[in-house]
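Reviewing the structure listed below.
The values are calculated or read from the model by the stated rules, or taken from the named source; none is laboratory data. Predicted model only: the values in this text are computed from it and were never measured. Please note: Cβ atoms are built from the backbone with ideal geometry, for glycine as well, and neighbour counts cover all protein chains shown.
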Amino acid sequence: MAVRIRIYREVCVHRPCGMGNRRPGRNRVEKGRARGTASGSAFGSGPRAGFTLVELMIALVLLSVGVMATAQVFAIANLHTSHAREETAGNCLAQEIREKIMSESFADIRSIFNAIDTNVPASVPAPAATWAAHVTAELGPQGRGTVLVNTPTQDATIPNGMIAVTVTMSWREGSRTVSLPLRFNVAKTSP
C-alpha cells in the first residue's frame, strides 16, 4: 500500500511583506491548500473523507458473492474432470477387451467371449479375467462390462462370414448410470 505525502504551502496574506520579499502573484495562494486536492486538508476532512460502514458492508457482500461464484466454478470443473476421467477409463477398457477378442482365432471368439458380464464372475473366462479386474479397479465396484457376440443367424444385418461383437461399459456418475457401447465386426479370414 503506497503512502502519499502531501506538501502544503502556506503564504501569509494578512502580514505585510516588506523588505523586498514581496513578489507579484505570490500572495494569492490560499492558506492550507494542498497541491492536487480540493479540500485543503491533509487527510480529507471534508464530508466525503472515507468509507462509511454501510459502504464497507456492501463492498464485502459484493466481494463475497464474487468469491462464492468463483468457488462454484471450480467445483463444477472438478466434477466434469472426474466424469471425463471415468469416460476415458471406460473407453480404454472397451479397447482392451477388443484387443483380447481380436487376438483369438475366429472360431473361438464366440465360445470364449459371448455373454461376459463382469458383475457375474462365473461368466468371465480366463482370457478376460484380467480385464474384469481392471473394470472393477478403474470404474469402481458399480462399474460393469458386458460382451455379446452375435452371428448372422441371430442378426440379419450382419454379413455372412462375420460376427458382431458389442462391448458395453457402464458406471455410475452421481445418481445416473452412464453406458458406453462399442460395436465392431470381426471377419473370418481365409487361411
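Side notes on the structure shown:
- Of all residues making up segment 124-157, the number that are part of a helix (DSSP H, G or I) and either in contact (Cβ under 8 Å) with a residue 12 or more places away in the chain or of a type in the set (Ser, Thr, Tyr) (or both): 10
- One residue from Ile97, Ile101 being of a type in the set (A, V, I, L, M), in the same structural domain as Leu79 (by TED's automatic domain parsing) and over 30 Å from Leu79 (Cα atoms): Ile101
- Residues that are more than 14 Å from Arg110 (Cα to Cα) and aliphatic (A, V, I, L, M) within segment 126-154 comprise Ala126, Ala129, Ala132, Ala133, Val135, Ala137, Leu139, listed in sequence order.
- The set of residues in segment 103-137 that are touching a Phe, Trp or Tyr at 6+ places or on another chain (Cβ under 9 Å) and of a type in the set (Asp, Glu) contains only Glu104.
- Criterion (small (Gly, Ala, Ser), within 32 Å of the chain's Cα centre (by Cα) and surrounded by 14 or more Cβ atoms within 10 Å (Cβ to Cβ)) met by exactly one of Ser179, Ser170: Ser170
- Flag for Ala187 being modelled with pLDDT of 90 or more and not charged (D, E, K, R): no
- Filtered residues of segment 93-123 (kept if out of contact with any strand residue (DSSP E or B) (no Cβ under 8 Å at 6 or more places or on another chain), assigned to a helix (DSSP H, G or I) and surrounded by 12 or more Cβ atoms within 10 Å (Cβ to Cβ)): Glu96, Lys100, Ile112
- Selection from segment 148-191 of residues that are in contact with a helix residue (DSSP H, G or I) (Cβ under 7 Å, 6 or more places away or on another chain) and within 30 Å of Leu79 (Cβ to Cβ): Val167, Met169, Trp171, Glu173, Leu180, Leu182
- Among the residues of segment 130-162, those that are touching a Pro at 6+ places or on another chain (Cβ under 9 Å), of a type in the set (A, V, I, L, M) and surrounded by fewer than 16 Cβ atoms within 10 Å (Cβ to Cβ) comprise Ile158, Met162.
- Close pairs (7 angstrom Cβ cut-off, 6 or more residues apart or separate chains): under 19 Å from Val167 (Cα atoms) in segment 74-90, of a type in the set (D, E, K, R) and modelled with pLDDT of 90 or more anywhere: Ala89/Glu138
- Among residues that are farther than 17 Å from Pro181 by Cβ, at pLDDT 90 or above and either not assigned by TED's automatic domain parsing to the domain that holds Gln154 or not acidic (Asp, Glu) (or both), Ala115 is not included.
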